[in-house]
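S.K.: First, the structure itself, so that you have it in front of you.
The values are calculated or read from the model by the stated rules, or taken from the named source; none is laboratory data. These numbers were taken from a predicted model, which means no experiment stands behind them. Here the Cβ positions follow ideal geometry from the backbone for every residue, glycine too, while neighbour counts run over all protein chains shown. Surface areas here come from the heavy atoms of the whole protein model, side chains and all, with no ligands, DNA or RNA. Shrake-Rupley method; radii C 1.70, N 1.55, O 1.52, S 1.80 Å.
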Amino acid sequence: MTANSRCPTAEPPGLETQQREIDSLLRQCELRAGDTWYMVERRWYEQWKEFVETGDQNSSSFPGQIDNTELFDDLDSFHIKDRLVENEDFMLVPAEAWHKLLSWYGMVDGQPPLERKVVDLPSTVKVEIYPIELFLCLHSNMENVVTLQFSRTDNIYTIQRAMCAAFAVPVGSECRLWMKSSDSSCERLRNMHMSVLDACLSTGMTVVMETRNADGTWPSSRPQIMRNSVEEHDSYRGQPGVCGLTNLGNTCFMNSALQCLSNTPPLTEYFLRNSYLDELNFTNPLGMKGEIAEAYADVIKQMWSGRHYSVVPRIFKTKVGHFASQFLGYQQHDSQELLSFLLDGLHEDLNRVKNKEYIELRDADGRADQEVAKEAWRNHRRRNDSVIVDTFHGLFKSTLICPECQKISVTFDPFCYLSVPLPVSKERIMEVFFVSLDPHAKPAQHRVVVPKAGKVSDLCAALAEMTDVPPSQMVVADVFNHRFYKIYTSDESLSCILDRDDIFVYELSMSGEQQEEQVLLALYLRERSHYRDYGSGSSSYSTTLFGHPLLLSVPRSRFSQEALYDLFLQRLARYVRPPDPSDQLEEEEEEEEQYRSQSNGISDGDEEQKEEAKAGPSHTQARHAELNHTQPSLDGSDSDTPNGSHNQTEPVCPAGTDSADSTSDVSPGGLSPAEPGPEPAARQPQQPRDATEEELEEEKLDEACSPCSPANEQPAKRRAHHKRKKNLFTIQAVNSNGTTERGMGEGGSAVSFSSQPYVAIDWDPEMKKRFYNENEAEKYVKHSSMDVPLQQTTVQLQECIELFTTVETLEEENPWYCPVCKKHQLATKKLDLWSLPEVLIIHLKRFSYTKLTREKLESVVEFPLRDLDFSGFLLRKTVSSEEPPSCYDLIAVSNHYGGLRDGHYTSYARHKDNGQWYYFDDSKVTFAAEEQIVTSAAYVLFYQRKDKIRKPTLPTPNTSSAPTAQLANDITSCSDGGTEAGVAASYITMETD
């Protein structure tokens with residue numbers, strides 16, 4: 001008997017039996033949420049009661065067929081009347097009683113049974129007389145509206161099924177529903193298992209359904225093409241999965257990680273089969289309400305639709321930033337960090353365990369490893385069960401030993417990826433330029449091996465073995481932009497010196513028998529401009545640094561203008577020609593006097609120069625970097641110019657030249673006029689970097705130490721004093737930037753011996769052109785140590801895995817609490833692999849951070865593309881037949897190029913359908929050969945168990961002879977205008993949620 005029966009199909013029992021059976025059902029039946037009850041018009045029900053109570057089959061009170069006409073507003077729509085009252089307008093009977101009455105009396109033709117659900121409302125359990133009435137439509141045709149009723153206990157999936165049936169949506173179509181909350185906004189109905197009541201749906205609301213496009217997008221958020229027409233975009237047919245990802249601005253780390261996961265077959269097929277829809281976990285407090293899983297699914301479906309050259313993962317990035325604030329904005333991040341977050345987020349969003357039970361972890365306490373491992377894995381699966389666990393999770397054994405009581409703690413812990421260390425060399429190769437005391441010897445470039453954690457004194461000691469110059473006669477300096485960026489003391493750490501720094505080591509003169517105080521003097525070269533700067537409010541000259549600075553040791557007694565002039569001329573003898581008697585260099589007294597009184601060798605009247613000097617080294621260097629935009633090229637007969645590349649974004653050490661007192665930092669002894677040294681080679685112009693250099697103190701010296709003439713000398717006397725040959729250059733006290741500040745000129749302060757003294761020799765342009773040989777100044781030679789080629793360090797992946805399983809002592813920042821000693825201990829720890837997942841992710845720890853150093857290890861890790869056998873690394877040497885094999889093939893690599901704070905990420909990946917390797921560089925995708933994959937840039941490796949790798953289902957594309965049209969279909973080549981910044985997206989997205 002069905003609920004829609006209109007006529008009795010069986011002879012009813014006696015009236016007394018009818019009354020007894022119905023009364024019994026009414027007394028015994030309780031309201032239970034989810035049960036079905038039926039509405040019966042009260043007058044018909046009362047007449048039936050009177051009929052059965054009389055006991056007379058022929059009574060005139062026979063009710064006839066069940067008739068609910070009085071409960072309906074009209075007999076066309078069969079909507080029930082508003083404000084009907086139970087026991088006055090209708091009676092409620094349980095489903096079993098209804099079916100009996102219907103079988104005995106039937107129902108008036110055309111009337112639907114008034115079936116109602118029992119709902120569990122927040123405060124009571126009751127029969128739902130008035131269900132929710134919803135207006136339903138499709139996103140593609142919102143004019144065609146269907147009205148249906150749903151119980152408050154129905155779930156959203158019930159509405160979706162009803163809509164698919166009402167609108168004849170093809171079976172298997174992926175749909176999503178939107179609740180139209182107003183004329184302009186919609187809200188996603190994400191949780192298909194949520195009830196209508198919990199989703200806050202009410203009568204009169206509209207539910208819109210959309211189905212996913214063939215290209216993997218949704219109609220509500222389909223990308224709008226900026227350059228190409230929609231027809232061109234829709235007509236594109238490429239290889240599914242061979243799809244780039246547009247760089248949104250420093251998002252190459254995200255693109256690299258996504259490409260590796262996209263080419264992990266079990267995970268991608270899980271999403272392409274829509275298996276995730278039934279496993280979305282919206283209630284997991286550790287998850288992200290299913291939003292990360294849905295956003296990831298959208299990206300994967302677009303990439304594997306075969307209808308995109310490149311996908312814009314803007315919505316995915318927004319979701320990631322919403323749930324992980326460290327990925328907000330557009331800064332560069334680590335692809336492995338994103339992988340870690342994403343795998344954990346996908347796991348929690350897809351966790352099949354809806355209510356996690358509390359499980360107390362137990363130590364092994366002497367139990368067999370096999371027993372403890374099974375228990376640990378079983379406990380892990382009781383709380384964590386998802387496609388991520390199925391695919392990526394393995395188990396390792398952790399053994400801790402207390403150094404005091406020898407307590408052994410053994411636990412088995414799950415892992416999602418292995419972070420393996422790289423062998424770190426304790427030595428470092430540095431390239432430096434040695435500047436000899438011999439004024440005619442060119443600077444020599446040397447390659448030395450020093451301790452990585454050594455000091456500047458170690459660098460000097462290593463260089464001393466090649467030059468036979470004692471370390472005590474060496475001073476090490478970082479030269480940048482024609483000035484000293486840093487002058488190092490012997491006890492400073494070598495970690496302050498970057499590989500890209502231009503390091504010069506200067507030989508100082510030996511100490512004589514005299515105990516005269518020696519001063520370490522820094523010498524800069526400057527060129528005066530042709531014209532005076534009248535626009536700045538004075539008639540002074542501006543100056544520009546050029547050439548190479550020089551460090552030399554000078555006895556204090558030689559700090560007179562004449563003595564310093566002779567000394568500098570001797571030290572520059574290699575590339576400065578001294579004047580001979582035939583040179584007409586009679587001094588123009590008035591002009592020279594005016595220059596000295598107004599300029600002091602630098603543009604003190606130039607407000608811009610003064611502001612730069614006050615603003616600090618970084619501003620001044622930036623200004624001079626603009627001025628010194630050209631450098632003389634080298635003579636081809638010698639070698640190249642020393643070429644460093646200081647990066648202004650990464651000053652590792654405190655900038656400046658604030659070394660200790662020069663008299664205590666260098667060996668005593670002056671530089672005699674007979675022993676001048678050459679000038680160092682030049683650095684090519686680079687971007688200035690930030691510096692915090694100590695400005696010279698302003699204090700007066702006596703007249704003998706001033707590089708200028710005494711201020712109190714009368715002009716007439718001075719003119720008489722200077723009736724001689726004109727000097728090639730003038731000498732001026734300057735600060736560490738090479739600029740002269742107010743008060744540092746004639747009659748004022750000059751050189752301060754309480755800090756590093758700096759002087760500049762200022763050249764008139766004509767004099768410089770005649771007597772200064774720029775080509776000769778740039779030359780340098782290469783020491784034989786430079787002829788030995790640098791061999792890149794190569795290690796085997798197996799070595800890294802062995803290091804991962806090596807015993808180590810815990811660091812002070814991460815001690816272990818010993819349950820026996822009742823205190824934290826620096827225990828020894830050993831990790832052993834116990835079981836491995838289907839897809840094994842190996843993270844190469846290239847970024848090394850210690851208390852002293854921060855560096856990226858550029859070693860080449862030799863990793864096999866096929867048959868990586870882990871059987872030798874598993875703790876269980878004998879594997880049972882039930883255990884899977886431990887042989888793996890490579891399927892993807894995330895690459896990192898560059899240094900610690902910058903760089904670029906790309907990826908290699910093997911296509912799951914055709915077996916071809918591709919190189920993914922943001923929106924660009926190209927074929928890749930297997931021999932290209934192993935490089936020093938490899939950062940994260942993806943291996944899949946060999947027995948799980950299926951044979952290619954598509955033929956391998958011909959990468960050598962494929963015609964251009966075929967390559968266009970297989971390879972995307974949309975240029976994004978750059979790798980990291982200012983990337984132009986191919987299209988924009990419009991997302992309503």
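S.K.: Take the conditions modelled with pLDDT under 85 and open to solvent by less than 40 Å² (accessible area, probe 1.4 Å) and apply them to Ser229. Does it pass?
M.R.: Answer is no for this residue.
S.K.: In region 98-110, is there at least one residue being in a strand (DSSP E or B), assigned by the TED database to the domain that holds Gln19 and within 60 Å of the chain's Cα centre (by Cα)?
M.R.: No, region 98-110 has no match at all.
S.K.: Moving to a separate point now. Taking into account only those residues within region 52-84 that are closer than 23 Å to Ile129 by Cβ and in a helix (DSSP H, G or I), which is nearest to the chain's Cα centre (by Cα)?
M.R.: Ranking the qualifying residues of region 52-84, first place goes to Leu71.
S.K.: Further question on the same structure: Going by what's in this entry, would Gln336 be described as in a helix (DSSP H, G or I) and within 15 Å of the chain's Cα centre (by Cα)?
M.R.: yes
S.K.: Can you find even one residue in region 790-797 that is of a type in the set (A, V, I, L, M), at pLDDT below 90 and open to solvent by 80 Å² or more (accessible area, probe 1.4 Å)?
M.R.: There is at least one residue in region 790-797 that is of a type in the set (A, V, I, L, M), at pLDDT below 90 and open to solvent by 80 Å² or more (accessible area, probe 1.4 Å).
S.K.: Filter region 486-526 down to residues that are among the hydroxyl-bearing types (Ser, Thr, Tyr) and open to solvent by 10 Å² or more (accessible area, probe 1.4 Å) and give me whichever is nearest to Pro549 (Cα to Cα).
M.R.: At the first step, the residues of region 486-526 found to be among the hydroxyl-bearing types (Ser, Thr, Tyr) are 488-490, 493, 495, 506, 509, 511, 524.
Okay, now just the ones that are also open to solvent by 10 Å² or more (accessible area, probe 1.4 Å), so 488-490, 493, 495, 511.
Details: Tyr488: 15, Thr489: 18, Ser490: 20, Ser493: 23, Ser495: 24, Ser511: 23 Å.
Out of the qualifying residues, it is Tyr488.
S.K.: Are any residues in region 365-402 aliphatic (A, V, I, L, M), more than 19 Å from Leu874 (Cβ to Cβ) and open to solvent by 30 Å² or more (accessible area, probe 1.4 Å), and if so, which ones?
M.R.: Here is the first cut: in region 365-402, the ones aliphatic (A, V, I, L, M) are 368, 372-373, 376, 387-389, 395, 400-401.
Narrowing further to those that are more than 19 Å from Leu874 (Cβ to Cβ): 387-389, 400-401.
Of everything in region 365-402, just one residue is aliphatic (A, V, I, L, M), more than 19 Å from Leu874 (Cβ to Cβ) and open to solvent by 30 Å² or more (accessible area, probe 1.4 Å), namely Ile401.
S.K.: Those residues that are exposed (fewer than 14 other Cβ atoms within 10 Å of the Cβ) and either in contact with a His (Cβ under 6 Å, 6 or more places away or on another chain) or among the hydroxyl-bearing types (Ser, Thr, Tyr) (or both), I need them from region 421-441; list them, please.
M.R.: Once the filter is applied, which keeps residues that are exposed (fewer than 14 other Cβ atoms within 10 Å of the Cβ) and either in contact with a His (Cβ under 6 Å, 6 or more places away or on another chain) or among the hydroxyl-bearing types (Ser, Thr, Tyr) (or both), region 421-441 yields only Ser425.
S.K.: Output the qualifying pairs, or none if there are none: Cβ atoms under 9 angstrom, residues six or more apart or on different chains, first residue in region 142-154 and without any contact (Cβ under 8 Å) to a residue 12 or more places away in the chain and under 18 Å from Lys180 (Cβ atoms), second residue of a type in the set (Ser, Thr, Tyr) and open to solvent by less than 70 Å² (accessible area, probe 1.4 Å).
M.R.: Nothing qualifies.
For every residue, the table says whether it meets (1) open to solvent by less than 60 Å² (accessible area, probe 1.4 Å); (2) of a type in the set (Asp, Glu); (3) at pLDDT 85 or above; (4) outside the structural domain of Glu88 (by the TED database).
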residue: Thr2; (1), (2), (3), (4): no, no, no, yes
residue: Gln28; (1), (2), (3), (4): no, no, yes, no
residue: Thr36; (1), (2), (3), (4): yes, no, yes, no
residue: Met39; (1), (2), (3), (4): yes, no, yes, no
residue: Lys49; (1), (2), (3), (4): no, no, yes, no
residue: Glu53; (1), (2), (3), (4): no, yes, yes, no
residue: Phe62; (1), (2), (3), (4): no, no, yes, no
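S.K.: May I pose another question? Which of (1) open to solvent by 20 Å² or more (accessible area, probe 1.4 Å); (2) within 30 Å of Val861 (Cα to Cα) does Leu418 not meet, given it meets every other one?
M.R.: The number of the failed condition is (1).
S.K.: Here's another thing I want to ask about it. Can you spot a residue in region 108-115 that is of a type in the set (S, T, N, Q), surrounded by fewer than 16 Cβ atoms within 10 Å (Cβ to Cβ) and out of contact with any Ser or Thr (no Cβ under 6 Å at 6 or more places or on another chain)?
M.R.: Among the residues of region 108-115, not one is of a type in the set (S, T, N, Q), surrounded by fewer than 16 Cβ atoms within 10 Å (Cβ to Cβ) and out of contact with any Ser or Thr (no Cβ under 6 Å at 6 or more places or on another chain), which makes the answer no.
S.K.: Something else: Is it fair to say Ser123 is touching a Pro at 6+ places or on another chain (Cβ under 8 Å) and open to solvent by 70 Å² or more (accessible area, probe 1.4 Å)?
M.R.: The answer is no for Ser123.
S.K.: Looking at (1) surrounded by fewer than 17 Cβ atoms within 10 Å (Cβ to Cβ); (2) among the hydrophobic types (A, V, I, L, M, F, W, C); (3) out of contact with any Leu (no Cβ under 9 Å at 6 or more places or on another chain), can you tell me which one Trp104 breaks?
M.R.: So Trp104 meets the others, but not (1).
S.K.: OK, next. Checking Glu808 against (1) open to solvent by 60 Å² or more (accessible area, probe 1.4 Å); (2) more than 30 Å from Val893 (Cα to Cα), which test does it fail?
M.R.: For Glu808, the failing item is (2).
S.K.: Against the definition (outside the structural domain of Asp832 (by the TED database) and modelled with pLDDT under 90), how does Arg500 come out, yes or no? Lay out the reasoning, then the answer.
M.R.: Details: outside the structural domain of Asp832 (by the TED database): yes; modelled with pLDDT under 90: yes.
Considered against the rule, which asks whether it is outside the structural domain of Asp832 (by the TED database) and modelled with pLDDT under 90, Arg500 comes out as yes.
Matching residues to (1) closer than 23 Å to Phe282 by Cα; (2) over 45 Å from the mean Cα position of the chain (by Cα); (3) open to solvent by 40 Å² or more (accessible area, probe 1.4 Å); (4) not assigned by the TED database to the domain that holds Cys29:
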{"position": "Phe150", "(1), (2), (3), (4)": "yes, yes, no, yes"}
{"position": "Ile156", "(1), (2), (3), (4)": "yes, no, no, yes"}
{"position": "Gln160", "(1), (2), (3), (4)": "yes, no, no, yes"}
{"position": "Ala165", "(1), (2), (3), (4)": "no, yes, yes, yes"}
{"position": "Pro170", "(1), (2), (3), (4)": "no, no, yes, yes"}
{"position": "Glu174", "(1), (2), (3), (4)": "yes, no, no, yes"}
{"position": "Trp178", "(1), (2), (3), (4)": "yes, no, no, yes"}
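S.K.: Of the residues that sit in region 903-949 and are touching a Cys at 6+ places or on another chain (Cβ under 8 Å) and of a type in the set (Lys, Arg), which one is farthest from Thr264 (Cα to Cα)?
M.R.: Of everything passing the filter in region 903-949, Lys924 is farthest from Thr264 (Cα to Cα).
S.K.: Among the residues of region 902-912, is any at pLDDT 55 or above, under 15 Å from Asn255 (Cα atoms) and either among the acidic types (Asp, Glu) or assigned to a loop (DSSP other than H, G, I, E, B) (or both)?
M.R.: Yes; the residues of region 902-912 include at least one that is at pLDDT 55 or above, under 15 Å from Asn255 (Cα atoms) and either among the acidic types (Asp, Glu) or assigned to a loop (DSSP other than H, G, I, E, B) (or both).
S.K.: Here's something else I'd like to know. Within region 339-355, identify whether any single residue is under 28 Å from His904 (Cα atoms), in contact (Cβ under 8 Å) with a residue 24 or more places away in the chain and in a loop (DSSP other than H, G, I, E, B), and answer yes or no.
M.R.: Looking for residues that are under 28 Å from His904 (Cα atoms), in contact (Cβ under 8 Å) with a residue 24 or more places away in the chain and in a loop (DSSP other than H, G, I, E, B), one finds none in region 339-355, hence no.
S.K.: Here's another thing I want to ask about it. If you take the residues of region 73-86 that are touching a strand residue (DSSP E or B) at 6+ places or on another chain (Cβ under 8 Å) and touching a residue at least 24 places away in the same chain (Cβ under 8 Å), which of them is most open to solvent (accessible area, probe 1.4 Å)?
M.R.: Only one residue fits best here, namely Glu86.
S.K.: While we're looking at this one, here's another question. Return the pair list, or none, for Cβ contacts closer than 8 Å from residues in region 285-296 that are closer than 18 Å to Leu267 by Cα to residues that are of a type in the set (Lys, Arg) and assigned to a helix (DSSP H, G or I), at least 6 apart or on different chains.
M.R.: Glu291/Lys319; Ile292/Lys319; Ala295/Lys319
S.K.: Restricting attention to region 438-496, which residues are closer than 18 Å to Leu521 by Cβ and in a strand (DSSP E or B)?
M.R.: Once the filter is applied, which keeps residues that are closer than 18 Å to Leu521 by Cβ and in a strand (DSSP E or B), region 438-496 yields Met474, Val475, Val476, Ala477, Asp478, Val479, Arg483, Phe484, Tyr485, Lys486, Ile487.
S.K.: Looking at Gly454 and the list (1) touching a helix residue (DSSP H, G or I) at 6+ places or on another chain (Cβ under 9 Å); (2) in the same structural domain as Gln570 (by the TED database); (3) open to solvent by less than 30 Å² (accessible area, probe 1.4 Å); (4) modelled with pLDDT of 90 or more, which single condition is not satisfied?
M.R.: (4)
S.K.: Surrounded by fewer than 20 Cβ atoms within 10 Å (Cβ to Cβ), small (Gly, Ala, Ser), touching a strand residue (DSSP E or B) at 6+ places or on another chain (Cβ under 9 Å) and in contact (Cβ under 8 Å) with a residue 40 or more places away in the chain: does that describe Ser923?
M.R.: Judged against the criteria, Ser923 is not a match.
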